[in-house]
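A short worksheet on the structure shown next.
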Amino acid sequence: MDYKKRVIDDLLDLKLESFGATLIVGPKGCGKTTSAKQKAKSVVEFQDEDQRKNLLAVANNVPSKLLIGEKPRLFDEWQDAPKLWGAIRKSIDDERKNGLYILTGSSSKEIEVPHTGTMRISRLQMYPMSLYESEESNGSVSLMQLFDNPDSFDGCVSSMSVDDVIFSICRGGWPKSLSNPTTRSKLEVAKDLFRQTYSVDISNVDNVKRNGKWAQAILQSYSRNICTLAETKTIWGDVKANFDISQSTFNDYIRALEKLYIINDIDAWSPAIRSRTSIRSSKKRNLIDPSIAVAALGLSPQYFNRDFNTLGFLFESLCIRDLTIYSSALDGSMSYYRDRYGLEADGVLHLNDGRFALIEFKIGSSGIEEGAKHLLEIERLIKEYNQKEKQSPMHLPNLKIVITATKYGYRRDDGVFVIPIGCLKP
């Protein structure tokens, strides 16, 4: 299968330009090695069974010998040879050049290294594929262009139906799933990743034996609470109803799932437009890809013909995944806003120059009006705050967007953009 361009490609170019080595991290199966190979001029693969024994012997005794080769030199599954880290660090100090090495490896194995690699080995996080990267979004609407020239937007049309979006939620953004030949085999990839996570990777990540049933129950509870502000004690209580698990052990499992890049909670945005006590500051529960939640709950695309409520939360998770990927290309970040009065913005996309977009996610057209009202009310509160605090006014939102799974995108008379997820790109 031809390589599909990823958002991380340009980010990796920047890292190679800026640092001696780049470590690509992210969940298992998101395409780290494949993308790294597009940039590497030589490769060392520790999973090559024909060479593995010899490679590990050299790595354990004279690791510097493995550094010889065209640069950038890629070390895949580098954790199998942890002495490489120190050798690479020294090589960067000696050569004083950037773009020398790329490291990739399984997120299911964490390695303690004697030196952090700060200023020498930079980390770059990779995600599963967005709809634009999987070529399902037609990319007719650029987020960057919207920020730079919102008046240039004259509508858009998505080629994705609601059923297409539902299937993408269930299948996930796993590159392997795209190359599988049938619907069943495409959906099987996320299911297998879920099973591997709770039965194998949860213990392998730091060589601590953990109970697979407990890990499975935690992921199932997380999935039931996806894109909500469920408290830790709520999820723990959910699991504890069936298993004798202490809170300290529960917290340990959560940390392990974070190390595996499976749990990917969303931070709160806490502006001063209301009293601090009224702003929700807890993280919004989320997984790296909505397909993991679908697999954990044992659901199928057909299930959502009768459960639009659950679909709404999973659609939000899909949108957050894509916008997190797109925002990384814009040197930005994602958060959410909610207060105790019920006012919310499902997403807030911040750029590093201070501009930001308030975003609501509504799978169908019936929720667009409500979503737009939320965004306009937050903007009104910021204006009201600025009237009182003229010495330190807040930025007004540069964009207000309702992202949908509908066909048509347009700009409302109140300035709110309605944009299908099937039209977006960075």
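Numbers below:
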quantity: Subset tally (residues that are surrounded by 15 or more Cβ atoms within 10 Å (Cβ to Cβ) and either among the polar types (S, T, N, Q) or closer than 16 Å to Leu193 by Cβ (or both)) for the range 250-269; calculated: 8
quantity: Of all residues making up the range 375-401, the number that are assigned to a helix (DSSP H, G or I) and either aliphatic (A, V, I, L, M) or closer than 21 Å to Phe308 by Cα (or both); calculated: 5
quantity: Elements of type helices (runs of 4 or more DSSP H) in the range 6-87, at least 2 residues being on the phi < 0 side of the Ramachandran plot and basic (Lys, Arg); calculated: 32-39, 52-61
quantity: Residues of the range 314-360 that turn out to be closer than 22 Å to Gly415 by Cα, in contact (Cβ under 8 Å) with a residue 40 or more places away in the chain and in a loop (DSSP other than H, G, I, E, B), as a count; calculated: 2
quantity: Number of the condition not met by Leu193 [criteria: (1) among the hydrophobic types (A, V, I, L, M, F, W, C); (2) in contact with a helix residue (DSSP H, G or I) (Cβ under 6 Å, 6 or more places away or on another chain); (3) closer than 26 Å to Val165 by Cβ]; calculated: (2)
quantity: Unique match (being at pLDDT below 90 and among the hydroxyl-bearing types (Ser, Thr, Tyr)) among Ser91, Ser64, Ser108, Ser18; calculated: Ser108
quantity: Checklist (1) buried (at least 23 other Cβ atoms within 10 Å of the Cβ); (2) under 17 Å from the mean Cα position of the chain (by Cα); (3) under 27 Å from Phe304 (Cβ atoms) applied to Met126, failing item; calculated: (3)
quantity: Qualifying residue in the range 91-99 (condition: more than 31 Å from the chain's Cα centre (by Cα), buried (at least 16 other Cβ atoms within 10 Å of the Cβ) and touching a residue at least 40 places away in the same chain (Cβ under 8 Å)); calculated: yes
quantity: Number of positions in the range 1-53 that are among the polar types (S, T, N, Q), more than 20 Å from the chain's Cα centre (by Cα) and either over 20 Å from Gly332 (Cα atoms) or surrounded by 20 or more Cβ atoms within 10 Å (Cβ to Cβ) (or both); calculated: 4
quantity: Top-ranked residue in the range 346-356 [being in contact with a Gly (Cβ under 9 Å, 6 or more places away or on another chain) and within 13 Å of Trp269 (Cβ to Cβ); ranked as surrounded by the fewest Cβ atoms within 10 Å (Cβ to Cβ)]; calculated: His350
quantity: Which listed residue, of Arg285, Arg340, Arg276, Arg321, is out of contact with any strand residue (DSSP E or B) (no Cβ under 6 Å at 6 or more places or on another chain), over 20 Å from Ser168 (Cβ atoms) and either modelled with pLDDT of 95 or more or surrounded by 16 or more Cβ atoms within 10 Å (Cβ to Cβ) (or both); calculated: Arg285
quantity: Breaking point among (1) outside any helix (DSSP H, G or I); (2) surrounded by fewer than 20 Cβ atoms within 10 Å (Cβ to Cβ); (3) out of contact with any helix residue (DSSP H, G or I) (no Cβ under 6 Å at 6 or more places or on another chain); (4) on the phi < 0 side of the Ramachandran plot, for Gly173; calculated: (2)
quantity: For Phe313: the one exception among (1) in contact with a Cys (Cβ under 7 Å, 6 or more places away or on another chain); (2) of a type in the set (A, V, I, L, M, F, W, C); (3) buried (at least 22 other Cβ atoms within 10 Å of the Cβ); calculated: (3)
quantity: Single match in Lys362, Lys388, Lys407, Lys383 (criterion: basic (Lys, Arg), at pLDDT 95 or above and either more than 26 Å from the chain's Cα centre (by Cα) or crowded, with 21+ Cβ neighbours inside 10 Å (or both)); calculated: Lys362
quantity: Test: residue in the range 282-303 that is free of Cβ contacts under 8 Å to residues at least 60 places away in the same chain, of a type in the set (S, T, N, Q) and out of contact with any His (no Cβ under 9 Å at 6 or more places or on another chain); calculated: yes
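The values are calculated or read from the model by the stated rules, or taken from the named source; none is laboratory data. Predicted model only: the values in this text are computed from it and were never measured. With ideal geometry, Cβ positions are generated from the backbone for all residues, glycine too; neighbour counts draw on all protein chains shown.
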